[in-house]
1. Roughly what angle does helix 3-14 make with the longest principal axis of the chain, taking Cα atoms, 0 to 90 degrees, to the nearest 10?
2. When a/c reaches 1.5 or more, the comparison of a/b and b/c decides; with that in mind, is the range 8-51 rounded, prolate or oblate per its Cα gyration tensor?
3. Compute the acute angle (0 to 90°) between the alpha-carbon long axis of helix 18-37 and the principal axis of greatest extent of the alpha-carbon atoms of the chain; round to the nearest 10°.
4. Return an integer: the convex hull volume of the alpha-carbon atoms of the chain, in Å³ per residue.
5. When only C-alpha pairs under 8 Å and at least 6 residues apart count, what is the relative contact order of the chain, in percent?
6. Compute the signed sum of charges (Lys and Arg +1, Asp and Glu -1) over the other residues within less than 14 Å, Cβ to Cβ, of residue 60.
7. Where a Cα-Cα gap under 16 Å defines reach, which lysines qualify for residue 80, not counting those fewer than 8 residues away within the same chain?
8. Can you tell me which of 65-74, 50-59 comes out highest on packing, and rank the rest after it, using the mean Cβ neighbours within 10 Å?
Amino acid sequence: MTKAEIVNEISRTTGLEKAAVLTTVESFMDVVKDTMAGGQNVYLRGFGSFIVKTRKEKTARNISKNITIKIPEHKVPAFKPSKVFLDQVK
């Protein structure tokens, strides 16, 4: 499902204008991105958590040049669904 399809579905079920729904959805995504970029997690009870995970430093190999490289510690975004969410999907 794309963002446009999500906006259409919310607009259809709530009766709100598509422009207002689109603004709300984009604002939600901006808040989540900005919060996670600041190193904080976002918790949505009954849905899941958008969390920032830290990957440790590791060594890897570039097989085409036959050298080893170090990948520094870095942060990655992740989503952890709630138990209710998982049970509904299963």
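The values are calculated or read from the model by the stated rules, or taken from the named source; none is laboratory data. Computed from a prediction, not measured in an experiment: that's the story for all the values here. Ideal geometry is used to build each Cβ from the backbone, glycine not excepted, and the neighbour counts take in all protein chains shown. Accessible surface is based on the protein model in full, side chains and every heavy atom, while ligands, DNA and RNA are left aside. Shrake-Rupley method; radii C 1.70, N 1.55, O 1.52, S 1.80 Å.
1. 30 degrees
2. Numbers: a/c = 4.79, a/b = 1.90, b/c = 2.52.
It comes out oblate by the Cα gyration axes.
3. That helix lies at roughly 30 degrees to the long axis.
4. Working: hull volume 15.5 nm³, N = 90.
Enclosed volume per residue, from the Cα hull, is 172 Å³.
5. So the answer I get is 21 percent.
6. Details: positive: 55, 56, 58, 61, 65, 70; negative: 57, 73.
Summing Lys/Arg as +1 and Asp/Glu as -1 gives +4.
7. In chain and number order, the partners are 33, 53, 90.
8. Numbers: 65-74: 8.9, 50-59: 11.5.
Ranking, from highest mean packing down: 50-59, 65-74.
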